[in-house]
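The structure appears below as structure tokens.
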Amino acid sequence: MSIRERLSGNEAVAYAMRQINPDVFAAFPITPSTEIPQYFAQYVANGQVDTEYVTVESEHSSMSTCIGASAAGCRAVTATSSAGLAFMYEVLYVAASSRLPITLACVNRTLTGPININNDHSDSMGARDSGWIQIYAENNQEAYDNYLQAMRISETPDVRLPIMVCQDGFITSHAVENILLEEDAAVKAFVGEYHPEHALMGRDHPLAVGPYDNSPYCMEHKVQQAEAMKNAKRAILDVAADFEKTFGRKYGFFEEYRMEDAEVALVLIGSTAGTAKACIEDLRSQGIKAGLVKIRVFRPFPFEEIAAALSHVKAVAVMDKSEGYSAAGGPLFAEVRSACYDLPNPPKMIDVVYGLAGRDCAVQDVERVYRYLLKIVETGEVGPRYIHMGQRSAKEEVLGNGL
Amino acid sequence: MSYIQAKDINEKTPWQGLTPGGEIYEGGTSKLTLTGQWRVNRPAWNSALCRQCLLCAPFCPDSSIPVKDGKRLDFDLDHCKGCGICAKVCPFKAIRMEQEVHQ
Ligand code: SF4
Ligand code: SF4
């Protein structure tokens, strides 16, 4: 039986961690993820878990601790945000290339600078090519459910890749919402125990991890890693299917909201999906066929699946909650637009960069995007493809000047 | 259980035949890599001057001075990298560094 509760996103993740009782937690605080190690420290102090709680001096060290622990055969977890994730950059690649299934709770916060503590996705988007699986949540329930599924995906023998479970800083991490929790025993049974075939400790054969890799071998190992990321697609769906069977909540690579007959659609990640859904209901009551694709899994990127989901849509706005500074749009736009290239009739597609560093995005803002898409459909003219929304401006902007 | 062994992997092995992340499931595999090819200088041992004090062997960072029954043997030139430490520490000038000539 599920338990009805009210928790913040950070509490929900810490609660899941307590239920899983990982072997090692490497802790270093950074806003807005700090509460996760803070709540977990209480579980440790109360004897509710027997996790080795390692307080370290930096995020580079927390990830390094996870790497050592994971290589030793332990289930290792950590949590971070923003500059903390950036400080892990070097070792994120070591974790992935050493094929260590570490679980990182990423509470998304903008990346400095200018220094700011609020939400956007620039931190985890910066790590998108580090070889980590990345799963994003719309709300607290999804943050909890994604965390429960994370280890099984990442520990799958033909995957063996670390996983980042992301949620929006403050919006999700600090807002208290209704949530369905699962019972400890059911969670333990679902997640299972971690018994890797090879480990530095407790095996009858030795192991060396992360040796120097000469050029005659290194590319082959990178190809193995790329294959593992492809395998993760299957593992993600397998685990989601079992999760639905066990707990009744359904997950996939993305959620399609009112997409069956949608003519205009948004593609976005995270908490803005709730705002978009409210807007879609408004627009639908006015006879406008609006839909939404909410990305859950960004790495591995569901390339063919996204294309199929958008194949019948006339105009799409990809909503990027991070700047790519590419002068051509954000990272989500690049991927979605590329995925649609092979469609016989690709939708017209624009990129709307929004919500940077905590800039609010309300139902009216989302509505302006849909109305702009309707204009594109009507005129057949796409106009500028790379647009910012929500900034103050001295001139007239495509999506209003925010003043 | 048998795992992929370092001796079964070489520069012709396809990616499917390598271990994940390059992990190694046995000890002492450095023996299989002939690092002696990297050498610029090579040590030459003059056994007539050598007093078998055995100072050189533990100083060698590449375990390239084999010791058997309390006596050092000639260099393991498959692995010696020619650093010259042994020549420096030998109190009896029984080791001389020479220019390596690779065939
Ligand atoms: S030259 Fe260096 S590597 Fe070679 S035997 Fe002497 S100490 Fe060892
Ligand atoms: S240090 Fe010199 S004398 Fe001593 S064992 Fe080595 S070569 Fe011989």
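Selection of segment B:39-67 for residues being within 15 Å of ligand 2 (Cβ to nearest atom) and outside any loop (DSSP other than H, G, I, E, B) yields B:Arg42, B:Pro43, B:Ala44, B:Trp45, B:Cys56, B:Ala57, B:Pro58, B:Phe59, B:Val67.
If you check A:Val377 against the conditions, is it under 12 Å from A:Val264 (Cα atoms), in a helix (DSSP H, G or I) and within 25 Å of the chain's Cα centre (by Cα)? Step through it out loud before you land on a result.
On the way: under 12 Å from A:Val264 (Cα atoms): yes; in a helix (DSSP H, G or I): yes; within 25 Å of the chain's Cα centre (by Cα): no.
Judged against the criteria, A:Val377 is not a match.
Scanning segment B:42-54 for residues that are within 11 Å of ligand 1 (Cβ to nearest atom) and either surrounded by 14 or more Cβ atoms within 10 Å (Cβ to Cβ) or β-branched (Val, Ile, Thr) (or both) turns up B:Arg42, B:Pro43, B:Trp45. In a residue-by-residue description of segment A:350-361, the property of being surrounded by 14 or more Cβ atoms within 10 Å (Cβ to Cβ), in contact with a Phe, Trp or Tyr (Cβ under 6 Å, 6 or more places away or on another chain) and of a type outside the set (A, V, I, L, M, F, W, C) applies to at least one position.
Looking across segment A:323-351, the residues that are touching a Leu at 6+ places or on another chain (Cβ under 7 Å) and not charged (D, E, K, R) come down to A:Cys340, A:Pro347.
Once segment B:82-103 is narrowed to residues that are under 16 Å from the mean Cα position of the chain (by Cα), at pLDDT 95 or above and of a type outside the set (A, V, I, L, M, F, W, C), the residue that is nearest to ligand 2 (Cβ to nearest atom) is B:Gly84. State whether one or more residues within segment B:77-96 are in contact with a Pro (Cβ under 9 Å, 6 or more places away or on another chain), of a type in the set (Asp, Glu) and within 12 Å of ligand 1 (Cβ to nearest atom). No, the conditions are met nowhere in segment B:77-96. Within segment A:114-122, not a single residue is touching a residue at least 60 places away in the same chain (Cβ under 8 Å), over 21 Å from A:Gly358 (Cα atoms) and away from chain B (no Cβ under 14 Å). Against the list (1) within 14 Å of chain B (Cβ to nearest Cβ); (2) within 30 Å of A:Arg296 (Cα to Cα); (3) assigned to a loop (DSSP other than H, G, I, E, B), the condition A:Asn231 fails is (3). A Cβ distance below 6 Å, combined with a sequence gap of six or more or placement on separate chains, defines the contacts here; from segment A:288-317, residues that are free of Cβ contacts under 8 Å to residues at least 60 places away in the same chain and charged (D, E, K, R) reach no residue that is in a strand (DSSP E or B) and open to solvent by 10 Å² or more (accessible area, probe 1.4 Å).
Against the list (1) part of a helix (DSSP H, G or I); (2) under 25 Å from A:Pro114 (Cβ atoms); (3) touching a strand residue (DSSP E or B) at 6+ places or on another chain (Cβ under 9 Å); (4) of a type in the set (Asp, Glu), the condition A:Asp365 fails is (3).
Tell me the residue from A:Tyr39, A:Tyr53, A:Tyr93 that is in contact with a strand residue (DSSP E or B) (Cβ under 8 Å, 6 or more places away or on another chain) and open to solvent by 50 Å² or more (accessible area, probe 1.4 Å), please. Show your work before the answer.
Values: A:Tyr39 fails: in contact with a strand residue (DSSP E or B) (Cβ under 8 Å, 6 or more places away or on another chain); A:Tyr93 fails: in contact with a strand residue (DSSP E or B) (Cβ under 8 Å, 6 or more places away or on another chain).
So the residue among A:Tyr39, A:Tyr53, A:Tyr93 that is in contact with a strand residue (DSSP E or B) (Cβ under 8 Å, 6 or more places away or on another chain) and open to solvent by 50 Å² or more (accessible area, probe 1.4 Å) is A:Tyr53.
Close contacts from segment A:85-101, counting a first residue that is without any contact (Cβ under 8 Å) to a residue 40 or more places away in the chain and a second that is surrounded by fewer than 24 Cβ atoms within 10 Å (Cβ to Cβ) and of a type in the set (S, T, N, Q), with Cβ to Cβ under 7 Å and a gap of 6+ residues or different chains, come to A:Phe87/A:Ser58; A:Val91/A:Ser64; A:Tyr93/A:Ser130.
Restricting attention to segment B:63-78, which residues are touching a helix residue (DSSP H, G or I) at 6+ places or on another chain (Cβ under 7 Å) and either modelled with pLDDT under 95 or open to solvent by 80 Å² or more (accessible area, probe 1.4 Å) (or both)? Passing the criteria: only B:Asp78. In segment B:23-41, the count of residues that are among the aliphatic types (A, V, I, L, M) and within 10 Å of ligand 1 (Cβ to nearest atom) is zero. Checking each residue in segment B:64-73 for being under 11 Å from the mean Cα position of the chain (by Cα) and more than 8 Å from ligand 1 (Cβ to nearest atom) picks out only B:Pro66.
Counting only strands (runs of 3 or more DSSP E) that fall entirely inside segment A:1-74 and contain at least 2 residues that are more than 21 Å from the chain's Cα centre (by Cα), the qualifying elements are A:3-8, A:52-55.
Scanning segment B:1-38 for residues that are in contact with a Leu (Cβ under 8 Å, 6 or more places away or on another chain) and part of a loop (DSSP other than H, G, I, E, B), which turns out farthest from the other protein chains (Cβ to nearest Cβ)? Checking each candidate, the answer is B:Ile4.
Every condition in (1) surrounded by 22 or more Cβ atoms within 10 Å (Cβ to Cβ); (2) within 16 Å of A:Ile36 (Cβ to Cβ) holds for A:Thr110 except the one numbered (2).
All conditions in (1) closer than 23 Å to A:Tyr212 by Cβ; (2) away from ligand 2 (no atom under 13 Å from the Cβ); (3) at pLDDT 95 or above hold for B:Lys7, with the sole exception of (3). Is it the case, given these coordinates, that A:Thr103 is in contact with a helix residue (DSSP H, G or I) (Cβ under 8 Å, 6 or more places away or on another chain), among the hydroxyl-bearing types (Ser, Thr, Tyr) and open to solvent by less than 20 Å² (accessible area, probe 1.4 Å)? Yes.
If the condition is being among the small types (Gly, Ala, Ser) and either in contact with a Ser or Thr (Cβ under 8 Å, 6 or more places away or on another chain) or open to solvent by 80 Å² or more (accessible area, probe 1.4 Å) (or both), then segment B:79-103 contributes only B:Ala94. The criterion of being crowded, with 16+ Cβ neighbours inside 10 Å and either more than 8 Å from ligand 2 (Cβ to nearest atom) or not assigned by TED's automatic domain parsing to the domain that holds B:Gln99 (or both) does not hold for B:Gly27.
The values are calculated or read from the model by the stated rules, or taken from the named source; none is laboratory data. These numbers come from a predicted model, not from an experiment. Glycine also receives a Cβ, built like all others from the backbone with ideal geometry; neighbour counts cover every protein chain displayed. Please note that ligands, DNA and RNA were not included when accessible areas were found on the heavy atoms of the full protein model with its side chains. Shrake-Rupley method; radii C 1.70, N 1.55, O 1.52, S 1.80 Å.
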